[in-house]
């Protein structure tokens, strides 16, 4: 089995961990199953070993006390989140966690927008434990923009970035402005959903879990809809199901964009920057949806500073 | 065909499946049987259409959709770069 992310020795260790864990957790003979790579990008490797998924985390991420708190936190909402089956393991200085396997979203089928919205609304409606770590700030957008090179599309993205509030641009040490805080996933997209063995959907990836503004969990579909990349029907299914489930990120009725504007802008800029960077790396022009994201950045600058 | 009012030459146009004869001279319009009803039905459908979903001030115009459903036969709605946008961090 070939992987982009790690050397074969580490992969073999992950498979071994999966087989050892299977012995403790389940009586099904999953150890005999052929391991399968589920995810292999950006220094993260997830391998399926029978009924388990073994995740090798990014080397440069913080996996100390806050991560342990997130694991404990995830275990308190088992209907919403897939929590690791035990404490994190150390493999050659890298963090490894083990989870029950869940079926990812099939992009060729009808997408589970309603299910995702309901899971987020349920998470956001959970009482926040006093010791819950903070989600912090949306640091990815500033990081992506800092990786941009030069060119006309880059200028458009940079101008849009300048409309964001200083705390998102990371110019001062400020955290987010004081707001009612909820338990949020912190990095939600359709790749963060799996169908568990009980047939019900759950959220995965607890690395950004914490207290924060729930509007950020709606930011990605909001950004893609605003850019014209996500069809209005799909956005309506998602937003409608979220409101129907009583999610607190947006008003139950009335204009959702008062709370969604800044998160949607930020994600539109982050996604546009990601697109520009990968097009440049692959030495090709932007394709149509990628150009739509850059065009959205142009409209963001024209709209002026975010409130 | 000549215009019944001014005898000018009438030209045929087809718009959304409705055939319209229009006179080049007086701009008068001639509708075939059933075509007025077809227009009235289209008008009522237009009025009944739900309002477009709200968007932020910088949102794309409703007609600017870079991703279209092509029906079940070509059901590949989320490939390529859109897949990455929807499914990866």
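A full extension of the chain between residue A:159 and residue A:258 corresponds to an added length of 33.5 nm, given 0.36 nm per residue minus the alpha carbon distance. Note on residue A:305 and residue A:127: their simple-model spin labels are 4.1 nm apart, each label 7 Å out from Cα toward Cβ. Taken residue by residue and averaged, Cβ atoms of other chains lying within 10 Å of the Cβ of A:211-224 number 1. Helix A:232-244 and the long axis of chain A differ in direction by around 70°, with both axes built from C-alpha atoms.
For chain A, the mean residue ellipticity at 222 nm estimated from helices alone is -13000 deg cm²/dmol, where every DSSP H run of n ≥ 4 contributes -39500 (n - 2.57) and the total is divided by all residues, rounded to the nearest 500. Centre-to-centre, using Cα atoms only, the range A:221-271 and the range A:146-170 are separated by 22 Å.
I need the peptides A:127-133, A:278-284, A:267-273 ranked by packing, meaning the mean over residues of other C-beta atoms within 10 angstrom, with the highest value on top.
Working: A:127-133: 13.3, A:278-284: 11.7, A:267-273: 29.3.
So the order, starting with the most tightly packed, is A:267-273, A:127-133, A:278-284.
Computed FRET efficiency, Cβ-Cβ of residue A:110 and residue B:14, R0 51 Å: what is it to the nearest 0.05?
Values: r = 36 Å, r/R0 = 0.70.
So, using R0 = 51 Å, E works out to roughly 0.90.
When the alpha carbon gyration tensor of the range A:95-212 is reduced to an equivalent ellipsoid, its three semi-axes come out at 30, 21, 13 angstrom, largest first.
Given 0.36 nm per residue, what is the gain on full extension from residue A:69 to residue A:42 after removing their alpha carbon distance, in nm? Write out the running numbers ahead of the final one.
Details: separation 27, 0.36 × 27 = 9.72 nm, distance 2.41 nm.
Contour length minus the Cα-Cα distance gives 7.3 nm.
Taking other C-beta atoms within 10 Å as the exposure proxy, B:6, A:275 rank B:6, A:275 from fewest upward.
For residue B:45 and residue A:139, FRET efficiency with R0 = 45 Å and r from the beta-carbon atoms, rounded to 0.05? Show your work: numbers first, answer last.
Values: r = 48 Å, r/R0 = 1.07.
Efficiency at R0 = 45 Å is approximately 0.40.
Spin-label model, residue A:172 to residue A:62: label points 7 Å out along the Cα-to-beta-carbon direction sit 2.1 nm apart.
In units of the compact-protein estimate 2.2 N^0.38 Å, the protein assembly as shown shows a Cα radius of gyration of 1.21.
To the nearest whole number, what is the average tally of beta carbon atoms from other chains within 10 Å of the beta carbons of peptide A:230-241? Could you put the intermediate results ahead of the total?
Details: counts 8, 7, 9, 2, 5, 2, 3, 0, 0, 2, 1, 0.
So the per-residue partner count for this stretch is 3.
Remark: A:155, A:106, A:51 ranked as A:106, A:155, A:51, counting other beta-carbon atoms within 10 Å and listing the fewest first.
A short reminder: the numbers here are calculations on the coordinates, not readings from a lab. Note that the structure is a prediction, hence the values are computed from the model and not measured. In this analysis, Cβ positions are derived from the backbone assuming ideal geometry, glycine residues included, and neighbour counts consider all displayed protein chains.
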